[in-house]
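Here is the structure we will look at, set down as structure tokens.
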Amino acid sequence: MRKSIRATYLVTAALITWVALSLHFALTLERSLAHGGAVLGAVALYFSFFTILTNLLAALVLTGAAIGWREASRPGIAAAITVYLCIVGGVYLVLLRNPYGPYDLQFAADATLHYATPVLFGFYWLVFVRKGSLAWRAPFVWLLYPVAYLGFSLLRGAMTGFYLYPFLNVAALGYPRVLVNSLVLMAIFLGLGFGAVAIDRMPALGRPEAR
């Protein structure tokens with residue numbers, strides 16, 4: 001019974017995420033072409049956002065877990081993506097969202113990728129992934145992904161003059177301010193990571209095995 005519920009949940013969560021990713025891609029392509037852009041440029045822009053890359057990771061893991069790929073159910077992978085998605089949702093809620101609409105297809109895609117997927121994936125990690133195996137050093141390993149993305153984002157902005165996120169806009173804020181913003185974000189990543197490890201090691205969720 002539990003396996004059936006897990007399988008149904010995984011398929012549903014994966015489908016919701018894939019649909020939102022596809023919708024967002026279609027809207028990005030449509031908007032780019034409407035402004036005289038090229039298809040390749042639209043594709044490159046789409047895959048440049050932390051939100052898209054992280055939701056893509058989530059969709060792949062959910063799909064992999066649904067079809068029985070054991071690597072997709074590794075506790076460290078699921079916990080790390082949960083942390084990344086917390087940042088995706090939190091940053092969007094505090095800094096990026098437009099509370100005044102319009103409430104269109106773009107809003108639906110954004111809301112799904114920034115709110116629904118983080119909740120769905122977080123529930124998957126909390127309920128269906130084995131607990132008790134995460135080490136306290138794990139968050140430092142998980143930090144490699146956002147640090148690598150930060151480097152990519154800043155390099156891309158320096159080369160194109162277009163920064164993907166306003167809090168990383170060196171042209172508008174300067175390097176000192178962007179450095180502070182980056183350090184704050186990395187500290188939040190680490191804090192959430194340690195929180196995930198603490199949850200993982202709670203006796204009620206599972207007996208710690210590998211430290």
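The values are calculated or read from the model by the stated rules, or taken from the named source; none is laboratory data. Remember, it's a predicted structure, so these values are computed and weren't measured experimentally. FYI the Cβ positions are ideal-geometry reconstructions off the backbone, even for glycines, and counts take in every protein chain you see.
A few notes on this one:
- Residue list for the stretch 44-60, filter: free of Cβ contacts under 8 Å to residues at least 60 places away in the same chain and part of a helix (DSSP H, G or I): A44, L45, Y46, T54, L56, L57, A59, L60
- Number of positions in the stretch 110-166 that are among the aromatic types (F, W, Y), assigned to a helix (DSSP H, G or I) and crowded, with 18+ Cβ neighbours inside 10 Å: 5
- Residue under evaluation L173, criteria (1) among the aliphatic types (A, V, I, L, M); (2) closer than 24 Å to A42 by Cβ; (3) surrounded by 14 or more Cβ atoms within 10 Å (Cβ to Cβ), criterion not met: (2)
- Those residues of the stretch 162-180 which are of a type outside the set (A, V, I, L, M) and within 21 Å of T51 (Cβ to Cβ), in sequence order: F162, Y163, Y165, P166, F167, N169
- Test set (1) under 19 Å from Y92 (Cβ atoms); (2) of a type in the set (V, I, T); (3) at pLDDT below 95 - V184 fails condition number: (3)
- Candidates G41, G36 - the one that is outside any helix (DSSP H, G or I) and either among the small types (G, A, S) or in contact with a helix residue (DSSP H, G or I) (Cβ under 6 Å, 6 or more places away or on another chain) (or both): G36
- Among all positions in the stretch 86-107, there is no residue which is closer than 16 Å to L190 by Cα, at pLDDT 95 or above and not in a helix (DSSP H, G or I).
A quick yes/no check of all residues on (1) β-branched (V, I, T); (2) more than 30 Å from Y9 (Cα to Cα); (3) exposed (fewer than 14 other Cβ atoms within 10 Å of the Cβ):
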site: L29; (1), (2), (3): no, yes, no
site: S48; (1), (2), (3): no, no, no
site: T54; (1), (2), (3): yes, no, no
site: G64; (1), (2), (3): no, no, no
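- Conditions (1) modelled with pLDDT under 95; (2) closer than 23 Å to Y145 by Cα; number of the one not met by S48: (1)
- Breaking point among (1) more than 19 Å from the chain's Cα centre (by Cα); (2) modelled with pLDDT under 95, for L27: (2)
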